[in-house]
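Laboratory data are not the source of any read-out in this text; all were calculated from the coordinates shown. Keep in mind it's a predicted model, so treat the numbers as computed, not measured. Virtual Cβ from ideal backbone geometry, glycine too; neighbours counted across all protein chains shown.
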Amino acid sequence: MHAADKVVITTLVENYVDMLIPDTDTVKRPGLAYHFDLRNQKILAENGLAMLVDVYFGGKRYRILLDTGLTDTVILHNMSALGISPNEIDHVVLSHGHPDHYGGLLGLLKARDYPLTVTLHPDAFLIRHVKAGNGMVIPYYNQSLRRDEIEAAGARLVLARDPVPVCPAATTTGEIPFEVAFEPPGPAAGTASSLWCLRDGRFEEDATVDDMALIVNIKDKGLLVITGCAHAGVINTIHHARKITGEEKIYALLGGFHLGFPGIPADKCTMTIEELKGLNPTVVSPMHCSGFRTLAAVQQAMPEAFLLNTAGAQITL
Ligand SMILES: [Fe+2]
Ligand SMILES: [Fe+2]
């Protein structure tokens, strides 16, 4: 796998927005002056994730979009505010088939003048139900991800369980094996809720095996790993990223850590952070579904590496 000369990540959709966080050498954000200027469109936040990952290699820029947020309203609005045209996206990777990650896809496709390659795991299309701990059932909560609809809107699908290279220096992880003891299958492990999917006409427990991350190899630095929800576990994801690339050094980790789900035990958060500390990454940014408890704990355990990501932030690595 080649190494990128530079990577610039623009956070298009995130749960948080904050105009008061000061810029640093690596992170620039639309600040107070931007937000108070009547002429500017304001940056919106929502409970979802979308990261535009610009990979610079061999004098070219590859614009890869990991996930599309919960609604097309927010991603298209924030792209417009940041001066990014839907036509500029080269490749979409969907981390998994949950609405807070694919929700803006159909609108994005319709906003373009050209077809768009979309890589995802075939299980992303399975019919899914939630049975919440209080007995509530949410039937077919992913019904807005329809293959016929997105193909008709211009999606050219790459359905793959294995890693898919998306440019010379970036790849998807493909399906991630569950190897770490405290990160077993089952996105709601440790909670009273359960997830179900319909496979071959039968309901089975849904381990969200379609969950995958995006990896970029950065020259002289190491791997950048960007997770969607990390249903497969953040540490499982990192182990798999190292294995498929042959690169040991984890330079930066960003994305959802899936530790904010109600009922997830505090020691899972503690064990995750202990493992992360051992890897000594330069940047760690728990986002989206990581939960405030995890953000606070990472900030305390790894203050130099911790990065609070927000909608509109631009990170240069
Ligand atoms: Fe999520
Ligand atoms: Fe998810």
*The one condition in (1) assigned to a loop (DSSP other than H, G, I, E, B); (2) more than 16 Å from ligand 2 (Cβ to nearest atom); (3) more than 23 Å from THR10 (Cα to Cα) that ASP267 fails to fulfil*: (1)
*How many of the residues making up segment 161-189 are farther than 18 Å from VAL225 by Cβ, touching a residue at least 60 places away in the same chain (Cβ under 8 Å) and either more than 16 Å from ligand 2 (Cβ to nearest atom) or assigned to a strand (DSSP E or B) (or both)?*
1
*When segment 69-86 is examined, which residues are found to be within 11 Å of ligand 1 (Cβ to nearest atom) and either on the phi > 0 side of the Ramachandran plot or free of Cβ contacts under 8 Å to residues at least 40 places away in the same chain (or both)?*
GLY69
*Please verify whether segment 59-68 includes one or more residues that are out of contact with any helix residue (DSSP H, G or I) (no Cβ under 6 Å at 6 or more places or on another chain), within 16 Å of ligand 1 (Cβ to nearest atom) and in a strand (DSSP E or B).*
yes
*Of all residues in segment 65-90 being crowded, with 24+ Cβ neighbours inside 10 Å and of a type outside the set (A, V, I, L, M), which is nearest to TYR34 (Cα to Cα)?*
ASN78
*Quick one: in segment 48-62, which of the residues that are in contact with a Cys (Cβ under 9 Å, 6 or more places away or on another chain) and crowded, with 17+ Cβ neighbours inside 10 Å is farthest from ALA311 (Cα to Cα)?*
PHE57
*Filter segment 105-116 down to residues that are within 11 Å of ILE150 (Cα to Cα) and in contact (Cβ under 8 Å) with a residue 40 or more places away in the chain and give me whichever is farthest from ligand 2 (Cβ to nearest atom).*
PRO115
*Filter segment 264-308 for residues that are within 16 Å of ligand 1 (Cβ to nearest atom) and of a type in the set (Gly, Ala, Ser); which is surrounded by the fewest Cβ atoms within 10 Å (Cβ to Cβ)?*
GLY291
*Residues (within 16 Å of ligand 2 (Cβ to nearest atom), outside any strand (DSSP E or B) and within 20 Å of ARG293 (Cα to Cα)) located in segment 204-261*: GLY228, CYS229, ALA230, HIS231, ALA232, GLY233, VAL234, PHE257, HIS258, LEU259, GLY260, PHE261
*Give me the pairs, please: first residue somewhere in segment 87-98 and in contact (Cβ under 8 Å) with a residue 60 or more places away in the chain and more than 8 Å from ligand 2 (Cβ to nearest atom), second residue anywhere and assigned to a helix (DSSP H, G or I) and charged (D, E, K, R), beta-carbon distance under 8 Å, and either six or more positions apart or on two chains.*
GLY97/ASP123
_Residues located in segment 202-220, provided they are more than 16 Å from ligand 1 (Cβ to nearest atom) and either within 30 Å of ASN47 (Cβ to Cβ) or buried (at least 20 other Cβ atoms within 10 Å of the Cβ) (or both)_ = PHE203, GLU204, GLU205, ILE215, VAL216, ASN217, ILE218
*Of the residues ARG146, ARG156, which is of a type outside the set (Val, Ile, Thr) and touching a residue at least 40 places away in the same chain (Cβ under 8 Å)?*
ARG156
*asked:* Looking at (1) within 16 Å of ligand 2 (Cβ to nearest atom); (2) closer than 26 Å to MET1 by Cβ, which one does SER193 not meet, given that it meets all the others?
replied: (2)
_Can you find a residue that is within 16 Å of ligand 2 (Cβ to nearest atom) and part of a loop (DSSP other than H, G, I, E, B) anywhere in segment 285-298?_
yes
